[in-house]
Amino acid sequence: MCFKGNILILQHNQQLRDAMKRIFSIISLLIAVLQVTAEDLYVKMTSLDEIDTKSTYLMVGGDYIGKAISNNVITTLSKGSWFDSSKTILTVPDEYCSSGLLFLQLEAVNASSNVYALKITASGKYINNPSSTYLNQADNYSNKRAQWIITKSSDGLNLKSNYSSSYYIKKKGNNDICCTSSTASNYVKVVLYKKIPSAESITIGGSGYATYVPTYALDFSSQTAITPFVVTESSNTAAILTSVEQVPAKTPIVVNGNPGTYSIPVTRSSTLVTTNLLYASNGAVKGDGKTIYALGDLSDGVGFYLVDTDVVIPDGRCYLRIQESGTSPSYMHMRIGHTTGIEEKIEISDDPYYYTLSGQRVAHPRKGLYLYKGKKIMIR
């Protein structure tokens, strides 16, 4: 019996080993799938203010992306089905990221004049414009041929030589990237795309409300615990909030939710917000005691409080600006605005009704996502 028992134990152990092998095979397969489907986001740069020396960049010219090859010449990688040069944000699959894309970092030569060196991440060398027009790599950027002026155009941020400022980095018809002054139609100026995070974090404090200015366009459509609003109207006593699902980059918003930190995905596109009385401070905005309000949780509760004269609104914070008309109220509470033929002002805390995300009152809500007392509620 003992011997048979040992056989049974061995068989049982073998079964465990086989099961573990199957589990590890499945895990390996899942990891492989995750690696193939991983994506990085790159945004087309349109402002010189967006330049920094910490980010990763791509050079994009027309329908091609820069690539470094073994003979030291800079060439291009043909676009994939994921590529759409008309989009502000490119979603680059991992399989392309690992196929030799020309990832760059900027090193400042003279930042005040927007002169930078383009360091190739893979080699640690710098993009250089030799005496011929085709680009290669240099060990350093002491020579002006390895220095580049970043300049703004209607296409984005272009790169021209600091050695000869009439020469731009362009993609030629044969797909090689070169530096030329040619204006022929088969030469396309390259533009810079910068790697961005796939999500942004928003923190809400104990009051349940906060203001936020997203760096990139955000998609809140899948979020049930946090709701973004813009301020579309104000009265003598209230700021009228309207909920939105997609928030364009740099659009000031009020967010409502339980205290905590939320990860909101970056989106490639967003719906334009046409009316918003919220503004983002650059650190130089001061209260005037008449038209500028800041969100606070003070004696009258959560709402917008009048900012005294010469009080600075910190950089990156939101503020509400209203038109001056007689005596300015010291406090404005928040209401949700919606349209049912006429505009009704609804108190967030007291309103007993459910609303669609577009602001339409629903008497008998069914399955779906609704606004209730200023928060998103999922009815299943």
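Taking other residues whose beta carbon is less than 15 angstrom from the beta carbon of Val273, and scoring Lys, Arg as +1 and Asp, Glu as -1, yields -2. Converting phi to 3J(HN,Hα) with the Karplus coefficients 6.51, -1.76 and 1.60 and the offset θ = phi - 60°, the range 182-196 yields 4, 10, 4, 5, 8, 10, 10, 4, 7, 10, 8, 10, 10, 5, 10 Hz in sequence order, with x at every glycine or proline. Lys87 exposes around 80 Å² of accessible area when a 1.4 Å probe is run over every protein chain in place.
Over the Cα atoms of the range 240-338, the radius of gyration divided by the Kirkwood radius equals 0.97; this is the Rg/Rh ratio. Taking the 1.4 Å solvent-accessible surface of the range 183-272 as the whole, the part contributed by carbon and sulfur is 48%. May I ask which of Lys119/Lys189; Lys250/Lys367; Lys87/Lys171 have a Cα-Cα span longer than 24 Å here? Cα-Cα > 24 Å for Lys250/Lys367; rest within.
Each residue was assigned an accessible area with a 1.4 Å probe, and for Lys144 the value is about 110 Å². Going by accessible surface with a 1.4 Å probe and the largest first, Arg335, Arg317, Arg268, Arg366 read Arg366, Arg317, Arg268, Arg335. The range 123-154 and the range 167-219 have Cα centres spaced 20 Å apart.
Each residue of the range 261-313 gets 148 Å³ once the volume of the Cα convex hull is shared out per residue.
Using Cβ point charges alone (K and R +1, D and E -1), the dipole size of the range 215-345 about the Cα centre works out to roughly 240 debye. With N as its number of residues, the range 162-203 has a Cα radius of gyration that, divided by 2.2 N^0.38 Å, comes to 1.78. In plain terms, if you count all Cα to Cα distances in the range 136-293 and split them into 10 Å steps from zero, the share in each step is 9, 26, 22, 18, 17, 8, 1 percent.
The values are calculated or read from the model by the stated rules, or taken from the named source; none is laboratory data. Keep in mind the model is a prediction, meaning the values are calculated, not measured. So basically every Cβ, Gly included, is an ideal-geometry build from the backbone, and we count neighbours across all protein chains shown. We work out accessible area using only protein heavy atoms, side chains counted, and drop any ligands, DNA or RNA first. Shrake-Rupley method; radii C 1.70, N 1.55, O 1.52, S 1.80 Å.
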